[in-house]
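Heads up: the structure comes next, in structure tokens.
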Amino acid sequence: MYFSHTTHCVTLSFVLCLTRHFPLSIVFAIVVGSIVGWVATLQLVIDPSPAILAGLAAPRGLTAISDGSLLIAEGGAGRLLRWDLSGAPEVISDAFPYLSVSGIQGESASGISAALQVDGDSYLAIVGEARAHGHQELYRLTPPGQPLPVTGQDVQGFFPPQPITNPYDLALLPNGDALVTDSGRNSVIRITREGDIYDYAFFPDSLISGSKDMIQAVPTGAVWGPDGALYVATLTGWPHPVGAAAVYRVIDTNADGDALDRDEVTSYATGFSAATDLAFEADGSLLVTEFSTDMRNLVTDLTAAHAAQLPGRLVRRGVDGETTILTENLVGPTGVALVGDRVFIAEEFGGRIVEIDSGGDTSPTLIGWCISIGSGVVAAFLALSGLRAFMRSRKGEASS
């Protein structure tokens with residue numbers, strides 16, 4: 001955009017010089033150069049995280065698929081959406097169970113939490129959180145059919161504990177089995193294609209720094225890493241101490257079908273608050289969404305308005321171990337996905353998908369600003385050069 005506009009600025013100024021419309025060329029160079037530079041400068045301070053798909057009902061899961069589209073798990077509407085990053089999203093299915101859960105902390109939606117594309121046009125999707133018929137279940141969907149439960153378990157209240165209690169995210173094993181993070185059991189469970197359920201990994205409780213109290217590691221988002229290990233985000237149980245959450249590395253070292261043996265679950269990165277999802281960048285850096293940096297206060301009132309006052313953020317954990325804040329003021333971020341080098345965030349409490357500036361190798365906005373100002377200067381130089389030539393020619397005509 002910058003190059004196109006500023007090239008026109010230079011070219012038209014030069015043409016005006018050649019046609020001897022020198023005063024007009026000066027005006028054009030100054031006005032257009034100033035406008036382009038002003039617009040570029042303005043874009044330097046505009047929020048780099050504009051809403052690009054709004055009006056959604058509690059979008060939680062966000063997954064990039066091979067055609068460059070995004071799968072969106074819209075929990076508050078029981079819908080699985082496919083969005084090609086422009087226009088309205090396609091509804092793949094609106095037949096997943098969902099409901100609104102009301103309590104003393106506010107009202108929240110429970111429904112489809114995450115989805116993956118498998119076998120071409122088939123999908124696996126997890127429905128979690130509420131203890132109700134049809135929830136706490138893994139579904140297989142082949143459009144235009146209905147979602148079909150994989151395990152067939154039926155929830156009958158709190159006790160006895162169900163094999164799936166509060167599923168959040170899922171990842172796919174090479175043989176087609178699903179790994180599901182379960183924030184009720186603080187574990188990862190393995191669900192076979194036939195619907196059998198096995199424990200795959202557990203996450204340890206930890207001691208609060210400076211206290212004798214223990215906190216739980218509650219697993220949320222999961223992603224395969226470039227090293228073949230599964231990386232799992234966690235948030236912490238009450239009292240939700242700031243900076244006490246971690247990202248864990250999970251790997252079945254001895255290939256026995258689970259990661260229940262010693263040192264198969266290890267801490268990879270620490271210092272997070274309520275981490276909810278993960279995505280690896282091409283260079284091995286890890287993007288982490290944090291639901292809020294003040295979960296202790298947020299859980300007292302789980303509403304969108306309160307979440308906006310206690311926002312979440314996106315951070316990058318570099319391969320060198322350094323953590324950088326990429327953007328803040330996210331309203332309940334629960335999913336992150338990469339399409340090429342573009343970064344997208346699902347804001348469950350914000351009801352939208354946003355694209356953010358990942359702060360890559362260079363800043364496109366700064367480059368555009370430099371090009372715009374530079375071209376304006378070049379255009380002005382051409383115009384002034386033409387004016388001097390014009391004045392010399394006029395003096396020559398007057399003397400003759």
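The values are calculated or read from the model by the stated rules, or taken from the named source; none is laboratory data. Every value quoted in this text rests on a predicted model; they were computed, and no experiment measured them. FYI the Cβ positions are ideal-geometry reconstructions off the backbone, even for glycines, and counts take in every protein chain you see.
Just wondering, is there one or more residues in segment 138-148 that are part of a loop (DSSP other than H, G, I, E, B), within 22 Å of residue 346 (Cβ to Cβ) and in the same structural domain as residue 292 (by TED's automatic domain parsing)?
Applying the first criterion (part of a loop (DSSP other than H, G, I, E, B)) to segment 138-148 yields 142-147.
Restricting the remaining residues to those that are within 22 Å of residue 346 (Cβ to Cβ) gives 143, 147.
Pick out the ones that are also in the same structural domain as residue 292 (by TED's automatic domain parsing) and you get 143, 147.
Within segment 138-148, one or more residues are part of a loop (DSSP other than H, G, I, E, B), within 22 Å of residue 346 (Cβ to Cβ) and in the same structural domain as residue 292 (by TED's automatic domain parsing).
Determine, yes or no, whether residue 90 is in the same structural domain as residue 339 (by TED's automatic domain parsing), modelled with pLDDT of 95 or more, over 20 Å from residue 153 (Cβ atoms) and not small (Gly, Ala, Ser).
Values: in the same structural domain as residue 339 (by TED's automatic domain parsing): yes; modelled with pLDDT of 95 or more: yes; over 20 Å from residue 153 (Cβ atoms): yes; not small (Gly, Ala, Ser): yes.
For residue 90, the condition - in the same structural domain as residue 339 (by TED's automatic domain parsing), modelled with pLDDT of 95 or more, over 20 Å from residue 153 (Cβ atoms) and not small (Gly, Ala, Ser) - is met.
Are any of the residues in segment 282-298 exposed (fewer than 15 other Cβ atoms within 10 Å of the Cβ) and among the polar types (S, T, N, Q)? Let's see the steps before the verdict.
Residues of segment 282-298 exposed (fewer than 15 other Cβ atoms within 10 Å of the Cβ): 282-284, 297.
Within this subset, residues satisfying the condition of being among the polar types (S, T, N, Q) are 297.
Checked against the condition, which is being exposed (fewer than 15 other Cβ atoms within 10 Å of the Cβ) and among the polar types (S, T, N, Q), segment 282-298 yields at least one hit.
Can you find even one residue in segment 229-241 that is in contact with a helix residue (DSSP H, G or I) (Cβ under 8 Å, 6 or more places away or on another chain) and in a strand (DSSP E or B)?
yes
What are the residues in segment 59-99 that are at positive phi and not hydrophobic (A, V, I, L, M, F, W, C), if any? Write out each step before concluding.
Within segment 59-99, the subset at positive phi is 68, 78, 85, 87.
68, 78, 87 - these are the residues of segment 59-99 that are at positive phi and not hydrophobic (A, V, I, L, M, F, W, C).
Quickly run through segment 84-96 and pick out the residues that are out of contact with any Lys or Arg (no Cβ under 6 Å at 6 or more places or on another chain) and crowded, with 19+ Cβ neighbours inside 10 Å.
If the condition is that a residue be out of contact with any Lys or Arg (no Cβ under 6 Å at 6 or more places or on another chain) and crowded, with 19+ Cβ neighbours inside 10 Å, then 89, 93, 96 are the ones that fit.
Identify the residue in segment 211-244 that is over 19 Å from the mean Cα position of the chain (by Cα) and among the small types (Gly, Ala, Ser) and, among all such residues, is surrounded by the fewest Cβ atoms within 10 Å (Cβ to Cβ).
As a first pass, look at segment 211-244 and keep what is over 19 Å from the mean Cα position of the chain (by Cα): 211-218, 227-229, 236-244.
Then drop every residue that is not among the small types (Gly, Ala, Ser), which leaves 211, 217, 228-229, 237, 243-244.
Numbers: 211: 10, 217: 22, 228: 8, 229: 18, 237: 17, 243: 12, 244: 23.
If we take residues in segment 211-244 being over 19 Å from the mean Cα position of the chain (by Cα) and among the small types (Gly, Ala, Ser), then 228 is surrounded by the fewest Cβ atoms within 10 Å (Cβ to Cβ).
If residue 243 meets every condition in (1) under 16 Å from residue 292 (Cα atoms); (2) touching a residue at least 40 places away in the same chain (Cβ under 8 Å) apart from one, which number is that one?
(2)
Please work out if residue 255 is in a strand (DSSP E or B) and over 18 Å from residue 318 (Cβ atoms). Spell out how you get there, then give the answer.
Working: in a strand (DSSP E or B): no; over 18 Å from residue 318 (Cβ atoms): yes.
It is false that residue 255 is in a strand (DSSP E or B) and over 18 Å from residue 318 (Cβ atoms).
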